[in-house]
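See below for the structure under consideration.
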Amino acid sequence: MRKMLVIAVREYLAAVRTKAFLITLIIMPMLMSGALLVEWLLRDYHDTKTKKFAVVDRTPGARLYPVIEKAVQAYNEKTIDPATHKPIMPRFDVEQTPPSTNTPEAIAEQRLELSQQVRKGELFGFLDIEADVLEVEKYETGKQKETIRYQSNRPTNLDFPRLIEKPLQSAIQDLRMEKAHLGVSPEKIRWIMRPTSVQAMGLTRRHPVTGAIEEATLMDRIAPVMVPIGFLVLMFMVLMMTATPLMQGVVEEKMQRIAEVLLGSVPPFDLMLGKLLGMTAVSLTITAVYLGCAYWAARQYNFVEYIPPDLLVWFVVFQAFALLMYGSLFIAVGAACTDMKETQNLLWPVMLLVMLPMFLMGSVLQEPNSTVAVGLSFFPFATPMLMILRQSVPPGVPSWQPFLGVGLVVLTTLLCVWAAGRIFRIGILLQGKGAKLGEMLRWVFHD
Amino acid sequence: MSAVTIEDVTKTFRQHVAVDHLSLQVPRGSIYGFIGPNGSGKTTTLRMIMRILYPDRGVIRVLDEPTNRKNHRSILDRVAYLPEERGLYKQMKVREVLRFYAELKGFRRSGPEIDAWLKRLDLSAWADKKVQTLSKGMAQKVQFIATVIARPELILLDEPFSGLDPVNTDVLREVILELRRKGATIVFSTHDMSVAEELCDFICMIYKGRKVLDGTLESIQNAYGSDTVRVQLDVPAKLDDLPSVVKVTDLGRCQELRLAPQADTQTLLACLMQRGRVHHFEISRPTLHDIFVRIARPGAEAEEKGHA
């Protein structure tokens, strides 16, 4: 027992006392939210090259083109930084193209020709306003097929159509009303026709101190989604940050024949368990740092109520068992291999198990108490991550479920640690050639 | 009383028989040398004594405790093992590594002991350096300290002298003798026959998993008898046709004759005197080196069976 602790302490210090650990601790959350971060960092760096668009206004008298021109002009003024006089956004350059004759063939022909120009790079895209967008008479029989189309070979950049959509829409409405001679002011009609949206919100509550009834905030909508995802991603991240070095450590000890010296002092099972406990302590350290930061941020921004303390306790419990369970499998893989390259071939079944909750995250989040979600969260390898996910989506889960989940996880962990110990015992001394999956299974049952 | 008793032990790896019906006894307080060519089963035997491996058949008793998986822990602290391939954590400092290995053997408060050993092996200046900065020889000395730091009763050393310069070899030799004086039993394997001759109370040679020699140096040399004669004549002559000469080895300045059992050296000398002037005639006992080569030389097996 004492020797196990000696191993665990060394393992812990070896992992925590490195610069790499500190750096990883800081960088990992950045990597996980990397896309968002990069976008945020690059928010000031836009492509400032002028983009050219063609506009075909087929409406009688081409009355919509001036609206576009005006909107673009207003936009172009904002593309230059007033202080530095440097462009910060791309300028838009619009050019009116006379419409073809109003037959389907001619229209198709013109669109093809404009498309060719886009392909050649002469245009960024083009806008095609159909002739009947201003039609108001045939409302009983008329099908709603009049469209304004924006064609481009860069479907991800929609800055231009977004820019002109709103002004174009209100201009069209104005023109239609004018044409219809309704005898009511356009302002009144627009007020009558204003869209009404359904707003998704959390629950209204009573302030615990003042007793005043408080409105649901925006946070009430975001937090119930962000907290579960945050928990799941955190657990996955910590697992990857500790289980992988654990495996690397075993391979390294094998390659440098340290294992042999250690086995002269410690029985193999104690050695393995010591390493596992050491790394579990590392994972809990990382968890404590991240959860501490998250909790502090939650207090700072007033959404601490979405991270109830009992949820934090459950998280730590599940985190610890997840590392023991997966860590033992990673150790078994490490012990069966003779270098890091070989681990790739054996690790995929383990990785599949670890990744499973990530794949299921979306559907479980959508319906956390469906039969499938409940069932999946009792599959021991998925339990730590899925149970905490379900627990953290309001209103949570029946209180017996996490207990049953932990029970199953403990049993599975014992099984994994036992099996890994059997593989470790034989694999750790194996030199020269790595084992195959079948061979590893044989070691488990071989005496 | 034996420190190690091995009775009829066999260990097989897949098809390969590494140790074949081996029996031997290591007396307490002795220095016991394992010799034998590469791949003859020395390391496997040491690992089995250490309980890193378990024999397929046979019994190994270490410090009067039979080895089986159940009492594995009971003697681990009393036995230490220096493997042939050195294993130290490269990122750890010398002192930390030593403290770690001492604690693994259940030896706490090892600080003063570590300092004394570092001083003894001239490593004090390196105590707070990382292991990866050490030279090969220094790392080996650190590994040796790690082995003996917890004052084990039985010390198993696999090739302790390989890679050491003559100065350090001498230091290590003194240390081993000192440990024996303090009551430890030392078992080591080596390729270096001169070290084995000088240091070992008992020598055991393993060849192809079997024991081929066992006993004190003297008893081994006696067993191989005085069947070797070195002669030097004034003119080089062909000597393999002489009566009772089995084999002639040309050593350059002299020739070594191996005689048939019970051959008379007087008769041989008389014959030699007829061939020329005898400058040198020496009845020599074979060195351990000679005996080793005789047994382990390719194609030597058949010849040795005849000899025995």
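The values are calculated or read from the model by the stated rules, or taken from the named source; none is laboratory data. The structure presented is a predicted model; accordingly, all values stated were derived computationally and were not measured. Every residue, glycine among them, receives a Cβ derived from its backbone with ideal geometry; neighbour counts consider all protein chains shown.
The test for being in a helix (DSSP H, G or I), surrounded by 12 or more Cβ atoms within 10 Å (Cβ to Cβ), at pLDDT below 85 and in the same structural domain as A:Ile331 (by TED's automatic domain parsing) holds for A:Val227. No other residue among B:Lys211, B:Lys141 is assigned to a helix (DSSP H, G or I), at pLDDT 85 or above and away from every other protein chain (no Cβ under 14 Å) apart from B:Lys141.
Is it fair to say B:Arg47 is over 22 Å from A:Gln256 (Cβ atoms) and not in a loop (DSSP other than H, G, I, E, B)? Here the answer is no, as B:Arg47 does not meet what is asked.
Could you tell me whether B:Phe107 is surrounded by 14 or more Cβ atoms within 10 Å (Cβ to Cβ), under 19 Å from the mean Cα position of the chain (by Cα) and in a loop (DSSP other than H, G, I, E, B)? Break it down into steps so the answer makes sense when it comes.
Details: surrounded by 14 or more Cβ atoms within 10 Å (Cβ to Cβ): yes; under 19 Å from the mean Cα position of the chain (by Cα): no; in a loop (DSSP other than H, G, I, E, B): yes.
So B:Phe107 does not fit the description; no.
Residues in region B:63-72 that are of a type in the set (D, E, K, R) and out of contact with any helix residue (DSSP H, G or I) (no Cβ under 8 Å at 6 or more places or on another chain) were compared, and the one that is modelled with the lowest pLDDT is B:Arg69.
Looking at B:Ile206, B:Ile220, B:Ile176, B:Ile186 in this structure, which one is in a helix (DSSP H, G or I) and farther than 28 Å from B:Asp264 by Cβ?
Working: B:Ile206 fails: in a helix (DSSP H, G or I); B:Ile220 fails: farther than 28 Å from B:Asp264 by Cβ; B:Ile186 fails: in a helix (DSSP H, G or I).
Criteria check complete, one pass: B:Ile176.
Residues in region B:74-109 that are at pLDDT below 90 and more than 12 Å from every other protein chain (Cβ to nearest Cβ): B:Arg109 only. Evaluating A:Leu246 against the criteria (1) in a helix (DSSP H, G or I); (2) away from chain B (no Cβ under 12 Å); (3) out of contact with any Lys or Arg (no Cβ under 9 Å at 6 or more places or on another chain); (4) touching a residue at least 12 places away in the same chain (Cβ under 8 Å) leaves one unmet condition, (3). What number goes with the only condition from (1) at the interface with chain A (Cβ under 8 Å from one of its Cβ atoms); (2) within 24 Å of A:Val251 (Cβ to Cβ) that B:Gln132 does not pass? Single failed check for B:Gln132: (1).
If only residues of region A:259-285 that are without any contact (Cβ under 8 Å) to a residue 24 or more places away in the chain and either more than 14 Å from chain B (Cβ to nearest Cβ) or assigned to a loop (DSSP other than H, G, I, E, B) (or both) are counted, the one that is surrounded by the most Cβ atoms within 10 Å (Cβ to Cβ) is A:Gly264. Take the residues in region A:171-216 that are assigned to a helix (DSSP H, G or I) and surrounded by fewer than 10 Cβ atoms within 10 Å (Cβ to Cβ); name whichever of them is farthest from the chain's Cα centre (by Cα). The qualifying residue farthest from the chain's Cα centre (by Cα) is A:Glu187. Answer yes or no as to whether B:Glu113 is surrounded by fewer than 23 Cβ atoms within 10 Å (Cβ to Cβ), among the charged types (D, E, K, R) and part of a loop (DSSP other than H, G, I, E, B). Answer is no for this residue.
Among all residues of region B:53-68, there is none that is within 11 Å of chain A (Cβ to nearest Cβ) and among the basic types (Lys, Arg). Looking at A:Arg154, A:Arg111, just one residue is under 27 Å from A:Ala71 (Cβ atoms), buried (at least 16 other Cβ atoms within 10 Å of the Cβ) and touching a residue at least 24 places away in the same chain (Cβ under 8 Å), and that residue is A:Arg111.
Would you say B:Ala263 is surrounded by fewer than 20 Cβ atoms within 10 Å (Cβ to Cβ), out of contact with any strand residue (DSSP E or B) (no Cβ under 6 Å at 6 or more places or on another chain) and free of Cβ contacts under 8 Å to residues at least 12 places away in the same chain? No: the conditions fail for B:Ala263. Here region A:385-420 is the region considered, the condition is being small (Gly, Ala, Ser) and within 27 Å of the chain's Cα centre (by Cα), and the residue that is nearest to A:Gly230 (Cα to Cα) is A:Ser392. For region B:41-62, filtering for residues that are over 23 Å from B:Arg173 (Cβ atoms) and at pLDDT 85 or above leaves 12. If you go through region A:59-74 and keep only what is of a type outside the set (A, V, I, L, M, F, W, C) and either at pLDDT below 90 or surrounded by 18 or more Cβ atoms within 10 Å (Cβ to Cβ) (or both), you end up with A:Thr59, A:Pro60, A:Gly61, A:Arg63, A:Tyr65. Please work out if A:Met255 is of a type in the set (A, V, I, L, M, F, W, C), within 14 Å of chain B (Cβ to nearest Cβ), touching a residue at least 40 places away in the same chain (Cβ under 8 Å) and over 22 Å from A:Lys3 (Cβ atoms). Considered against the rule, which asks whether it is of a type in the set (A, V, I, L, M, F, W, C), within 14 Å of chain B (Cβ to nearest Cβ), touching a residue at least 40 places away in the same chain (Cβ under 8 Å) and over 22 Å from A:Lys3 (Cβ atoms), A:Met255 comes out as yes.
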